[in-house]
Amino acid sequence: MTDFAPGIVVERDFPDAARDALANTQLRRNIGKATNTIRAKRLKVVGEMPDWQELREAGRQIKAQVARHLDTHLLKLEEAVTAAGGRVHWARDGEEANRIIGEILARHGAREVLKIKSLTTDETGLNSALAQRGISAIETDLAEVIVQLGEDRSSHILVPAIHRNRAEIREIFKRKLAGTENLSDEPAELAGAARRYLREKFLTVPFAISGANFAVAETGSVAIFESEGNGRMCLTLPKVLISLMGIEKVIPSWRDMEVFLQTLPRSSTAERMNPYNSVWSGTRAGEGPEEFHLVLLDNGRTDVLADEPARETLACIRCSACLNVCPVYERTGGHAYGSTYPGPIGAILTPQLNQPGPAETLPYASSLCGACFEACPVKIDIPRILVHLRGKIVGRKKETLAGKFSGEAIAMAAMARIFGSARLFELAQKSAVIGQKPFVRGNVIPSLPGPMAGWTAMRDVTPVPKQSFRQWWRAERGAESSAKPGGSA
Amino acid sequence: MQVSLFISCFNDTLFPQTGQAVVSVLERLGHSVDFPMEQTCCGQMHLNSGYRDETVGLMRRFLDVFEPCDVIVCPSSSCVSTVRTSYPRLAREMGDAELIRRTDALAGKVFEFSEFLVRKLGVEDVGAYYPHRVTYHPTCNSLRALKITDAALALLRNVRGLELIELPKSEECCGFGGTFAVKNADTSIAMLTDKLANIRSTQAEVCTAVDNSCLMHIAGGLSRERSGRRALHLAEILASTEEGMRQ
Amino acid sequence: MSEARTAILERIRSALRDVPPGEDASTDGVERAFHRRGEPGTPETVARFAERAAAYKVSVSECDSAGAGAAIHEILERRGHRRMVTAEDLPQAFVPHGCDVIVDHGLTFAEIAAADGVLTTCATAIAETGTIVLDHGEGQGRRALTLLPDYHLCIVETDRVVSLVPEAVARMEPSVKAGRPLTFISGPSATSDIELNRVEGVHGPRTLDVLIVRS
Ligand code: SF4
């Protein structure tokens, strides 16, 4: 992935990409193992919180306030960051953000820049944009190192290399890192190899780029949650620090952190608290970077904001709990979603940040089981938004001639007409009994043509019985017992 | 109590015996059941597929048919969840005050069958007899939208002769999801495969649930296994009695 | 640049036409029905902090204020650490004896990294999560100090231990408002990036000891 490739441009339909992923049994085993481990851990640390539901509700309310008054909070944030010695930049889209960051680095003559894992920079394709300027971005998060050295793509928003097991990681390190000939596949040893590789970089490269988990409007403080300490290195040692954040990451007041400091760690790494959280405000003499830039990115977020039923998509704190509990993600892994944002949040966010096309298959990549909604620490009703987005897609298609007369649209309209009358419905039931005859084998239908072939590839179909319930009722009870519903108890 | 049966288009057409079982249990408990013949479909499939206009039409129709009823019972968790949760939301999205009032009122009187027995009637023992090893799959709608898993389990525990075996990873979706099973058939089947393995591990003869749509999907897979294991709606287990078995 | 700013603000405002003008933008009205008040500094709270910090493989010991010097000496002896970095303003009672104390009067990063370890106090500590919080004020030094050495010994005085996260957030509010950075530390550096197992030790200190001093 050396060419310029923003992380949210989906190139393949989900069902096709999923088919390939499902065929990769090693991948399925790795993802299945990891998601099952973290699910159990999350249930444990969430279960010990008697006030978990109250925390979720408070998180939801705070994020709703952020969205409803986004302009106010961003202006406050800008003012506070500036007052604290930082500089604020605004970027309408990914390209503009990449240009701003590239120019800052070019001004300093940077050839290398350190990076803390950041989804937003993946979204804008920052690394390849910097490469075009001759600046190489050095990922410092262990998983990102694995992905970068493996010339691979992230498959999880928290653990980008979740699809790799320890043996595969050892092979990547042995191939790419000097002095690793005798490396074992013990996680501690693998981590040690990364520590040695990066230590020198931390002490010599004076530029760093980060994302932001939260930015407090009231105080101009930015917060980064992490585990390894690479974040602290990048936030503390370099001379110039640039943070890129989506405009929805602002929170109004410092006090609001009391909620997310509890819900984010338990939902993401499934710990009471992740090892390190850093909070800083602008610059400070003798302490940390001398120059701090905060880049505020829109890149389609204001479109999400404008679609009121989908607005709560912007409440996401990128914890990845919805990925970990999702039965679809568990089977297909993240690559099938073709975006920086996979899993349930990706299924709603990616299509909203995209043009119509393959991304429109993502809202259908869900059985609407609701596990994501139940796990989400800010109570985003993902299934509801999936259905809302399906509605928008159908609406858009109905406006085109081809869409209006597509097989699905015609079938749906026909069914709606049939359900519009009990008489037509009964007629349809009867003709189904006749129509299915060629396909029935004994008690089942083992194979069907057309769009139903996918169903019968692995599943038999129950044939329509000769007598429907309403026919039975009429025969048994007569029409009069049905004429008058309701009545006294 | 006068109970109006909402059978669901799916059960009406494909699983009439489930409706018959509901009628038989309710009547055995001394209630009288009516069946509004004008009913067809709640619009769930249209709604979940994004066909909103069609859904609104079916919702209005459903309201007209069922509004006169006092209590509506339905043996399908997903349809109950459509009427209880999606209708009021749809009405709100439309900003139609009259529809909001009507859907809210309706939502308060529609019950899933097992929920109705346990929560509304306070009955956990319906006098059923079913001498088989059974495992229970909580459908996603019954588990997360309606939260009625304990009702179904309580009913099963009180069935004489029945050995209830816990299903490992029961809370995971079976992979049905309506049109999902067709649009994303490969993923759906991958989910079903794991569900079937879990069912197999219980050695149960029967997998039961409160929704025939998920059960049809599971049954379709079980049927391919040719293990003799089958899927059966909870109502049908509750309807079977010792006398009935002897006949 | 300001063109982008104007455009984004414009887009936000037009997206939010459904929000009534004059609506309160703050989060003051948010329902905070979760637990917010615990029992700071009580023996139970301190015991819980010790237990939860230990769950991250922090080795925790305890002493009373008169015994702090001896306890520190004993821990460093046991660890075999001879060259310890400290902040200029570390309270006298906690300055280690019997080893080289390298006071940070502007050390280079390389000098800090070359030490055996660092000894600091903390601003507050959270029992529920086993977390220590540094606001890099008195006794704690600048951020690089507790980052580069491979060993960190943190002194936690019992009156600084709160029960819950919201209490710590409230205690840290003046520091944040004064522009100080904060570092929340929950156990030694770790990663979960390999098969989602927590493995100790990537870039920060790989060993963290806590000494609880009864105040
Ligand atoms: S949608 Fe919710 S659960 Fe998913 S990543 Fe975002 S905050 Fe976490």
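Points worth noting:
- Out of A:Thr302, A:Thr361, one residue alone is in contact with a Phe, Trp or Tyr (Cβ under 8 Å, 6 or more places away or on another chain), more than 16 Å from the ligand (Cβ to nearest atom) and hydroxyl-bearing (Ser, Thr, Tyr). It is A:Thr361.
- Hey, A:Glu399 touching a helix residue (DSSP H, G or I) at 6+ places or on another chain (Cβ under 8 Å) and not basic (Lys, Arg) or not: no
- Answer from A:Arg390, A:Arg396 - the residue that is basic (Lys, Arg), facing chain B (nearest Cβ under 9 Å) and free of Cβ contacts under 8 Å to residues at least 60 places away in the same chain: A:Arg390
- Of residues in segment A:305-315 being in contact with an Asp or Glu (Cβ under 9 Å, 6 or more places away or on another chain), more than 14 Å from the ligand (Cβ to nearest atom) and open to solvent by 10 Å² or more (accessible area, probe 1.4 Å), the one farthest from A:Ala91 (Cα to Cα): A:Pro309
- The residues in segment C:162-199 that are within 7 Å of chain A (Cβ to nearest Cβ), assigned to a strand (DSSP E or B) and touching a helix residue (DSSP H, G or I) at 6+ places or on another chain (Cβ under 7 Å) can be counted, and the count is 7.
- Exclusive hit being buried (at least 18 other Cβ atoms within 10 Å of the Cβ) and either within 16 Å of the ligand (Cβ to nearest atom) or within 13 Å of another protein chain (Cβ to nearest Cβ) (or both), set A:Ala167, A:Ala129, A:Ala161: A:Ala161
- When segment A:321-333 is limited to residues that are within 24 Å of A:Ile224 (Cβ to Cβ) and within 14 Å of chain C (Cβ to nearest Cβ), the one that is farthest from the ligand (Cβ to nearest atom) turns out to be A:Asn324.
- For segment A:438-467, the candidate set comprises residues that are over 44 Å from the mean Cα position of the chain (by Cα) and either within 30 Å of B:Val33 (Cβ to Cβ) or facing chain B (nearest Cβ under 7 Å) (or both); within that set, the residue that is surrounded by the fewest Cβ atoms within 10 Å (Cβ to Cβ) is A:Lys466.
- Any hit, segment A:386-396, residues being within 16 Å of the ligand (Cβ to nearest atom), modelled with pLDDT of 95 or more and over 30 Å from B:Asp64 (Cα atoms): no
- Taken over segment A:364-377, the criterion of being open to solvent by 30 Å² or more (accessible area, probe 1.4 Å) and within 12 Å of the ligand (Cβ to nearest atom) is satisfied by A:Phe373, A:Glu374.
- Yes/no for A:Arg318 being of a type in the set (D, E, K, R), within 16 Å of the ligand (Cβ to nearest atom) and at positive phi: yes
- Residue tally, condition more than 17 Å from A:Ile31 (Cα to Cα) and either more than 16 Å from the ligand (Cβ to nearest atom) or part of a loop (DSSP other than H, G, I, E, B) (or both), over segment A:342-358: 5
- Failed condition for A:Ile380, given (1) part of a loop (DSSP other than H, G, I, E, B); (2) out of contact with any strand residue (DSSP E or B) (no Cβ under 7 Å at 6 or more places or on another chain); (3) away from the ligand (no atom under 16 Å from the Cβ): (3)
- Filtering segment B:19-26 for residues that are in contact with a strand residue (DSSP E or B) (Cβ under 8 Å, 6 or more places away or on another chain), more than 8 Å from every other protein chain (Cβ to nearest Cβ) and of a type outside the set (Val, Ile, Thr) leaves a non-empty set.
- Looking across segment C:173-192 at every residue that is open to solvent by less than 10 Å² (accessible area, probe 1.4 Å) and in contact with a Leu (Cβ under 8 Å, 6 or more places away or on another chain), the one that is farthest from A:Ile169 (Cα to Cα) is identified as C:Val176.
- Yes/no for A:Ile172 being among the hydrophobic types (A, V, I, L, M, F, W, C), within 16 Å of the ligand (Cβ to nearest atom), more than 23 Å from A:Leu297 (Cα to Cα) and touching a residue at least 24 places away in the same chain (Cβ under 8 Å): no
- Lone unmet requirement of (1) within 45 Å of the chain's Cα centre (by Cα); (2) at pLDDT below 80; (3) crowded, with 16+ Cβ neighbours inside 10 Å for A:Pro485: (1)
- Filter pass, C:Ala110 being facing chain A (nearest Cβ under 8 Å) and either in a helix (DSSP H, G or I) or polar (S, T, N, Q) (or both): yes
- Test: A:Ser339 is within 14 Å of the ligand (Cβ to nearest atom), in a loop (DSSP other than H, G, I, E, B), out of contact with any strand residue (DSSP E or B) (no Cβ under 7 Å at 6 or more places or on another chain) and within 13 Å of chain B (Cβ to nearest Cβ): no
- Hits in segment A:387-401 - residues which are assigned to a helix (DSSP H, G or I) and within 31 Å of the chain's Cα centre (by Cα): A:Val387, A:His388, A:Leu389, A:Arg390, A:Gly391, A:Lys392, A:Ile393, A:Val394, A:Gly395, A:Arg396, A:Lys397, A:Lys398
- Helices (runs of 4 or more DSSP H) completely within segment B:1-63 that count 2 or more residues being open to solvent by less than 10 Å² (accessible area, probe 1.4 Å) and within 26 Å of A:Ile434 (Cβ to Cβ): B:9-14, B:16-28
- Residue, surrounded by the most Cβ atoms within 10 Å (Cβ to Cβ), within segment B:178-205, restricted to residues that are among the β-branched types (Val, Ile, Thr) and within 7 Å of chain A (Cβ to nearest Cβ): B:Thr187
The values are calculated or read from the model by the stated rules, or taken from the named source; none is laboratory data. All values reported here derive from a predicted model rather than from experimental measurement. We place every Cβ from the backbone using ideal geometry, glycine too, and count neighbours over all the protein chains shown. Just the protein is used for accessible areas: all its heavy atoms, side chains included, with ligands, DNA and RNA removed. Shrake-Rupley method; radii C 1.70, N 1.55, O 1.52, S 1.80 Å.
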